[in-house]
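The structure appears right after this line, and notes come after that.
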Amino acid sequence: MAYNSFISIILTHFLLLVTKTLAGKVPAIIVFGDSSVDSGNNNQISTVLKSNFEPYGRDFYDKKPTGRFCNGRIPPDYISEALGLRPFVPAYLDPAFSISDFAEGVCFASAGTGYDNATSDVLDVIPLWKEVEYYKEYQKKLKTYAGKKKATYIIKESLYLISIGTNDFLENYYSMQSQRSSQYTEDQFQDFLLRLAQNFVHQIYRMGARKISLTGVPPMGCLPLERATNYVGGNGDGCNEKYNNVAKHFNVMLSGLVERLNEELPGIRVVFADAYNLLLQMITKPSSYGFEVSSVACCGTGLFEMGFLCDKLSPLTCTDANKFVFWDAFHVTDKTNHIISDFLMEHVLVQFL
């Protein structure tokens with residue numbers, strides 16, 4: 001017993017030391033993107049795309065819906081915790097938080113947005129350029145709060161998580177009212193998005209960002225909503241293979257962009273956070289990851305419900321979201337986010353430790 005207690009004490013001290021060390025290397029998490037990483041900014045704007053109501057957040061702290069499109073936490077939350085920081089990243093527009101909170105992590109992301117400004121116009125959400133404007137404002141507040149020297153350190157050493165792009169295809173290019181599809185071929189549109197991605201990274205680099213994780217797009221043809229509406233082009237299990245192939249191609253382009261950015265910009269470290277294959281494996285072989293259902297989502301029928309359609313009064317919503325890969329028709333569950341975050345920490349973000 002004494003020996004086991006001794007080992008337990010040693011391990012506890014070791015974990016505390018590791019946590020302090022990690023927190024010292026990455027002082028904060030700074031997030032840009034869409035609903036995959038939005039922790040509640042859309043709560044504060046006039047848009048129909050919100051999730052600050054039940055059953056969203058039912059597995060979050062205090063069972064509180066926060067505006068995260070999930071039953072619990074999203075990747076920035078888990079990554080922040082893994083780096084020895086707070087176990088969640090607050091939304092910049094959330095009035096419950098202030099610059100003292102944001103000094104350790106802040107999220108500028110907005111559900112429904114994209115690289116293309118036309119994407120954010122679809123549901124009247126925050127465009128990427130406005131996220132950058134909020135970041136500029138944040139920098140000024142940070143310098144006032146922490147002092148110029150400390151603020152400069154935080155800005156330079158923070159880990160920047162960028163997760164965006166899916167809406168550019170599904171809510172913009174492939175939508176029935178899209179103008180982009182008449183302006184660009186699929187390849188041309190991807191080139192257009194790549195230029196926007198490059199310009200964005202250059203922009204935040206000029207503002208001080210040096211440690212950047214650029215996330216690829218998921219197998220978007222296998223999202224429950226796309227499976228439910230896919231009548232042609234399926235691969236037998238309902239996935240839209242055309243969309244998946246576009247996602248894979250765009251990810252290859254993003255990976256090439258990351259290589260070029262590392263060569264072009266002195267002092268920068270950009271990594272490509274690609275969880276495409278991992279999520280596809282969870283969808284095609286759910287039992288291997290402890291899931292039971294991957295073709296439909298937990299909320300409602302699991303086919304089309306998202307946002308306000310994901311209603312707490314629906315008798316069809318599942319009782320245990322841990323059995324499902326997807327929470328709503330467009331977003332994954334807390335458990336899926338945890339698995340993806342652990343994978344990225346181990347295989348990609350370890351470069352920043």
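Points worth noting:
- Close pairs (6 angstrom Cβ cut-off, 6 or more residues apart or separate chains): closer than 14 Å to residue 67 by Cβ and open to solvent by 20 Å² or more (accessible area, probe 1.4 Å) in the range 85-106, among the charged types (D, E, K, R) and at pLDDT 95 or above anywhere: 88/77
- Residue satisfying condition, being open to solvent by less than 10 Å² (accessible area, probe 1.4 Å), modelled with pLDDT of 95 or more and touching a strand residue (DSSP E or B) at 6+ places or on another chain (Cβ under 9 Å), within set 197, 151: 197
- Looking across the range 25-59 at every residue that is open to solvent by 40 Å² or more (accessible area, probe 1.4 Å) and among the small types (Gly, Ala, Ser), the one that is farthest from residue 163 (Cα to Cα) is identified as 46.
- Among residues of the range 316-343 being farther than 25 Å from residue 276 by Cα and free of Cβ contacts under 8 Å to residues at least 60 places away in the same chain, the one that is surrounded by the most Cβ atoms within 10 Å (Cβ to Cβ) is 318.
- Apart from one condition, residue 113 fits all of (1) in contact (Cβ under 8 Å) with a residue 60 or more places away in the chain; (2) more than 18 Å from residue 211 (Cα to Cα); (3) among the β-branched types (Val, Ile, Thr); (4) part of a helix (DSSP H, G or I); the exception is (4).
- The lone exception for residue 62 - which of (1) touching a residue at least 40 places away in the same chain (Cβ under 8 Å); (2) of a type in the set (D, E, K, R); (3) open to solvent by 20 Å² or more (accessible area, probe 1.4 Å) it fails: (1)
- Residues that are open to solvent by less than 10 Å² (accessible area, probe 1.4 Å) and either at pLDDT 95 or above or not in a helix (DSSP H, G or I) (or both), drawn from the range 344-353: 349
The values are calculated or read from the model by the stated rules, or taken from the named source; none is laboratory data. This one's a predicted model, so the numbers in the text were calculated from it and none came from an experiment. Using ideal geometry, Cβ is built from the backbone for each residue, glycine included, and neighbour counts are taken over all protein chains shown. The protein model used for the area step is the full one, side chains on, heavy atoms only, and it has no ligands, DNA or RNA in it. Shrake-Rupley method; radii C 1.70, N 1.55, O 1.52, S 1.80 Å.
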